[in-house]
Every structure is written in C-alpha cells, then in structure tokens.
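Just below is one structure, and these are the notes that go with it.
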C-alpha cells in the first residue's frame, strides 16, 4: 500500500470517529445543546480540525443522523420464519432498544424544530419509515400494487409506533416491554378495523390469525377483545 | 368615538384581512411557495404596507397558523350528550372538513421543514394536540390525575388521526367518510388493547360500550371484530 492510500483511510477513520462521538452526544441532548467545542474535546482534536472534516455542526449532525437512520432501519429486518406476531415482537424490542439508547436525540428529532427540521433530516426520517413499511409488507407477503387500505394500516401503525415511543420517553411511566407487546396487538387491532370494510384485507388477516400460535400476541388479543365485548 | 380609536380599529381590521388572505394562500401551498408580493396583491395593498403590519413572511405565517390552530382546536368541542361514538364521529367529520380545506398547508406544516419547523409553529401544533386531548378526557369523564395507560391511548390515537389525515391527503384514494368512521373505531380498538392490561381502563371501556346504541360505531366494531376472530 502506498502512503497516499493509508492517508486517505486515515481521513475516513477520523470522519467515522467524529460521527460516533457526535451521535453519542446528539443522542443524549438536543442538537441545540451540543457544541462543536464539546465534540472536538471528546474526540481529542482541535476545533479547527473538526471543521476540516465537517463544514459545520449541521453537516456533522446530518452525518450522525444518517448512521442512526441506517441502524434503525436495519432493526426492522427480521427472518421470515415463525409466527408474524413473534417476528413483530422482536422488531419492537429492537426498536425500543434504539429509542432507549438515543432517547433525547430521538425526541428532539421527531418533535422537529429549527435545529433539526431541515429537508435533509426529514428525508432521512422518511427513508426509515419507508424501510419499516417495506419490511412490514414483505413479512405479510404482499407485493405491488399495495391495496390502499392496507397501505394506510401499515403506514399509520408505523406513526403509532413513533408516537408511542415519544410518549414513553416523556417520563417512562410504563414498562417498555408492555408497550412492545401492545404495539404488536395494536397492529392486529387496526388491521381488524380496516378489514371490516375490505374483503381482501379480511382474508389476509384471517390467514395471519390462522398461522398464529394459541399463546401468541395476536390470539391473546382476539381472546381479550371478545371477553371485553361480552356481557 | 375619536379619530384615534377609529384608526386603531382600522389597523386591526387590516391585520385580520391580511391574516385571512395569507391563511387562504398558505392553505393551498407550502409556505416556501407563497410570496409577500402575492399576499399584497391579493389584499389590494402595496408590499411595503404589508411589512408595516407584519415584519416578515414568518410572522404573517405564524399569525395565519394561530388562526387556523384556534379554528382546529374549536372543532374538537362537542356537546357532552348522546353516545360517545356519535360525538367522536361528528368531531372527526369537522376535523376532515378542516384538513380538506387546508390540505397542502396542513401537510407542509405537519411534515415540518425549514420554513415551518420553528419553535413557535411547533408550540401551536402542540396546543391543538393538547386541546384535542383535554376534550377527549372531558368526554370520557376523566379528571386528573389521568392514568398513564389512558393518557397513552388518547395521545397516540390523536397522532393516528393526524397521520391518517396526511396519508389521505396524499392522493385521496379512500373516501374520507370511511376514514372518519374508521378512526372512531380505531379509538375503541386501541383502548381495548390497552384495557387488556389495565382493570381501571377495562371498566371505563365497558361502561362506554354499555352506553352505546346497538347501531353505533363502537358496537358495530365489536361485532365485526368478533366475526373476524371466529372460525
């Protein structure tokens, strides 16, 4: 290897180190509360050297966000084996691991505001939502064109997952394991409501319930809904 | 009345006229696509005169947004009479009237971005969410302290209403009346899922269902959920 190649790798390594330091700080506090000085100090380099790699705080924030977005999107990937309810339950556990680790930064990002509401950050958020949406459809065995009612159920459930996580972060008054299980059941419940108006969706949901084990979260939900509706 | 008083009223009238013109334009397009020149021209005054009343586009946008927020918050007000499902159905119809009238502006606002993601606009959005939340609790007859699981159900349902409206606006592929009815049933479904883990919430929900008419949206939902879960 030539010196030139080694020096270029050094640049990329330094960038990755700075992104890691920034992500850690941006996870614990909102972007407004993190300074380039602090990032430089944590990385053990000078402030001007940080600017050598990233032109400003926003570009470093966006790079950190890109890494977080890739991480988050990957958590929706899950082998297509076993009951759908159990797969979703594992995805929700990994999602809450992420929310737990990046709490204040996640909240600041999702709540928007001057420091975070750029079109680049909005595009990153949308890319994660789209990755989650694609994964959900793939697990349900649905291919294009996606029926409008199913698209609504999946996309609105993803927003329910986001808002539930944000409410959880605000005081953590409920156990996250309960919310993980609840969100899986919420998906079945929202799908059931929509399926009442859509024969195709109803058939898909019946098939999903048929493949669920007797002690899985979907069956549990159905049993409980019936009990609640009883006399 | 003195001339001074009359002139001061003139100022307020002019401000209100400008806010009305701005709201109409901001409702149909995103803030980036609306110019002060266009607002001035629509209001029949000069561009400098607009700046006399509002220092810039952002302050006019925020004033228009404040009026829209007050309008939207008022749509969640509903006499506390009759079945809860029917009350919610009327609230949803008024909410979709608003979304229908202010579509592109509503979408631009809720999706965030550089022109709209200021802390003032975020505070206005939160104030509408809080008004909707307070109205819901009031209709359910719940007072402070609100149990954590009920708070989660109501707040996360409000976010579901928002995201459903945004998805509807993106192509309007489903009839809005269907979504209005579906959101009422979604509320019952989300409450039912949470109630499975909370005796207090279950008792409240049973009471709600007991007061519903046989042909109301909640009873309809329950019947459909049971049919779907059947063999």
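Descriptive notes on the structure:
- Ranked from shortest, the separations from the 7 Å Cα-to-Cβ label point of residue B:119 to its equivalents in the other copies are 2.6 nm.
- Chain lengthening between residue B:178 and residue B:30 when straightened (0.36 nm per residue, less Cα-Cα): 50.6 nm
- Value at 222 nm in deg cm²/dmol, rounded to 500, when DSSP H runs of n ≥ 4 in chain A each add -39,500 (n - 2.57): -25000 deg cm²/dmol
- Virtual spin-label span in nm between residue A:49 and residue A:148, 7 Å along Cα→Cβ: 5.8
- Chain B: relative contact order as a whole-number percent, Cα under 8 Å and 6+ apart: 21
- Principal-axis tilt of helix A:217-229 within chain A, Cα atoms, nearest 10 degrees: 50
- Inter-copy separations for residue B:51, label at 7 Å along Cα-Cβ, nm, ascending: 3.2
- Per residue, the convex hull around the alpha carbon atoms of the protein assembly as shown comes to 201 Å³.
- Rounded to the nearest 10 degrees, the angle from helix A:176-195 to the longest Cα principal axis of chain A is 50 degrees.
- D_trans [Stokes-Einstein, Kirkwood Rh over alpha-carbon pairs] for chain B, 20 °C, 1.002 mPa s, µm² s⁻¹: 108
- Proxy reagent accessibility, fewest Cβ within 10 Å first, across A:52, A:102: A:52, A:102
- Sorted shortest first, the separations between the residue B:170 label point and its copies elsewhere in the assembly read 2.4 nm; each point sits 7 Å from Cα along the Cα-to-Cβ line.
- Fewest-first ranking of A:27, A:127, using other Cβ atoms within 10 Å as the exposure measure: A:127, A:27
- Both radii were evaluated on the Cα set of segment B:1-65; the Rg over Rh quotient, with Rh as the Kirkwood radius, amounts to 1.02.
- Mean partner shielding of peptide A:156-164, defined as the number of other chain Cβ atoms within 10 Å of each residue Cβ, is 6.
- Of all the options A:42, A:176, A:29, the one that moves most in a Gaussian network model of chain A with Cα springs shorter than 10 angstrom is A:42.
- Highest-fluctuation residue, A:208, A:136, A:92 considered, GNM on chain A with Cα pairs under 10 Å: A:208
- Between helix B:84-101 and chain B: long-axis angle, C-alpha atoms, 0 to 90°, nearest 10: 30
Values in this text are rule-based calculations from the coordinates and carry no lab data. The model shown is predicted, which means the values in this text are computed figures rather than measured ones. Glycine gets a Cβ as well: all are built from the backbone with ideal geometry, and neighbour counts include every protein chain shown.
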